Each structure stands twice: as C-alpha cells, then as structure tokens.
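Here's the structure we're looking at; comments come further down.
Quick note: the coordinates plus some simple rules give every number you see, no bench work behind them. The shown structure was predicted, so the numbers you read here are calculated from the model rather than taken from an experiment. Please note: Cβ atoms are built from the backbone with ideal geometry, for glycine as well, and neighbour counts cover all protein chains shown.
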Amino acid sequence: MAAGIIAETTVGLKDWAVAVEALGSGKQILVLRKGGIAEETRHFTVQSDRFYLFPAYEHQKEELLKPEYQGGIAETRKEWTDGQQMVTIKYFAVLHEDIEVRDEEVLLRLSPYHIWNDRFATERLKWKKKHPLHVLLLRVYKLEQPFVIPVRDAYFGCKSWHQLPEELHGLKGVPVLSDEAFESEVKAIKAALV
C-alpha cells in the first residue's frame with residue numbers, strides 16, 4: 001500500500017458530489033474538465049497539482065450518468081440540503097497527468113473508466129470547441145478525518161477552483177487505491193488513448 005500524504009495546500013477543485021465520491025471510492029481516477037462559465041480565463045487551466053476535492057450538489061443530473069451510477073446522486077443528497085451552511089471535505093488529490101483530448105472517438109474509448117454517460121462526455125468535448133477537454137488523472141487520498149468548512153458565497157457558480165480555509169493546510173490522508181491498482185488503471189487509460 002502506498003504511503004499517506006500531508007496535504008500542503010488549501011486549493012479546492014469543485015466537481016459533482018457523485019463524481020467526488022466515485023473518486024473517493026476508487027471507482028474512477030479521472031475527471032473531465034472544460035472550464036466553468038465563470039472561469040477567469042474562460043477555459044480550464046490547472047491552478048495546482050495538489051488540491052482538495054470540493055463536492056458540488058447544485059448541477060448534478062442523473063440522466064448524464066450511466067444507469068448503474070444514477071442512484072449515487074440521491075446518496076450524496078443525504079449529506080446536503082439547499083441552503084446548507086457547511087460542507088464536508090473528505091478527499092485530497094494529486095494530479096498525475098493532464099491529458100488534452102480533442103477527438104470524440106478517443107474520448108469515447110475512455111467510457112469504461114468513468115461514471116458519466118457518452119452524451120455527457122461528448123457535450124463536454126463539444127462545448128467551447130476551440131479548447132481541448134482536459135482529462136485529469138488523479139491519485140486520490142481519503143482524509144484521516146473529514147473536515148467540515150463553512151459554505152461561502154464564492155463557492156457557488158460554475159467555477160472550477162476555490163481557495164479553501166487555511167485550517168485545511170497540513171491534513172493527512174491515505175490513498176484510496178494501492179500503488180499497483182492505481183498504476184494498473186493509469187496503464188489501461190493510457191492504452192485506450194492510443
């Protein structure tokens with residue numbers, strides 16, 4: 001098993017709560033990013049290679065998930081109600097690789113490695129056609145203790161990156177996948193891309 005890690009950052013990457021849980025349970029090691037509507041640069045850029053996974057609840061849609069994962073949204077909603085003032089951070093990630101994808105056929109070969117359906121993946125790719133879709137391969141760590149933080153107004157909206165409270169700096173986590181399992185998944189994803 002891989003060694004634990006100390007999260008020496010307070011940066012958070014926001015994604016659907018159901019995707020965060022898929023990452024945290026080892027069901028997938030990748031996220032698909034194109035950039036939120038409110039991104040300062042109008043497209044996605046990696047702001048840190050180490051970050052917390054910040055669960056977003058507001059835009060999750062069951063019809064954009066594969067059928068076997070659609071119940072995951074209801075599970076995440078058990079932890080959240082609209083207007084809630086606190087959110088729980090459970091996971092930390094280290095960016096293993098940022099792969100740019102521009103071809104739909106290549107993207108669809110990644111389908112076995114994530115929870116989203118092909119419609120969602122294709123829509124992400126085709127939105128802002130001039131920019132590539134970023135496939136981020138992440139090594140995910142579960143925090144030894146989940147950390148609850150207040151929900152700030154700045155955390156809402158379609159923006160990928162957020163500065164989280166200083167109290168998150170230095171938390172410890174353990175890998176959700178063994179070194180062998182992680183490397184095997186990376187190898188399979190990379191093979192699908194060629």
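Before anything else, pin down the relative contact order of the chain: Cα pairs under 8 Å, at least 6 apart, normalised by residue count, whole percent. Can you show the working numbers first?
Working: 361 pairs, mean separation 72.8, N = 194.
Rounded, it is 38 percent for the chain.
For the chain, with only Lys/Arg (+1) and Asp/Glu (-1) charged at the beta-carbon, what is the dipole magnitude about the Cα centre, in debye rounded to 20? Present the calculation step by step, with values, prior to reporting the outcome.
Details: 26 positive and 29 negative charges, 90 e Å.
In total the dipole reaches around 440 debye.
How much mean residue ellipticity at 222 nm does the chain get from its helices, if each DSSP H run of length 4 or more adds -39500 (n - 2.57) and you divide by all residues, to the nearest 500 deg cm²/dmol?
Values: 5 runs with 43 residues, N = 194.
Here the helix-only value at 222 nm equals -6000 deg cm²/dmol.
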With θ taken as phi - 60° and the coefficients 6.51, -1.76 and 1.60, list the Karplus ³J(HN,Hα) couplings across segment 63-71 in order, rounded to whole Hz; mark glycine and proline as x.
5, 9, 10, 4, x, 5, 10, 4, x
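Would you tally the net charge around residue 187, using a Cβ to Cβ cut-off of less than 15 Å, leaving residue 187 out, and scoring K and R as +1, D and E as -1?
Values: positive: 109, 139, 190; negative: 97, 179, 180, 183, 185.
That works out to -2.
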Inter-part gap, Cα centre of segment 1-30 to Cα centre of segment 133-194, in whole angstrom, is 3 Å
Which entry in (1) 10.3; (2) 14.4; (3) 15.1 matches mean projected area of the Cα convex hull in nm² derived from the coordinates of this structure?
(1)
Can you find, among 134, 9, 122, the residue farthest towards the positive end of the dipole of the chain? Put +1 on the C-beta of Lys and Arg, -1 on that of Asp and Glu.
122
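Around residue 108, with a cut-off of 15 angstrom between Cβ atoms, what is the net charge of the other residues, counting Lys and Arg +1 and Asp and Glu -1?
Once positives and negatives cancel, what remains is +1.
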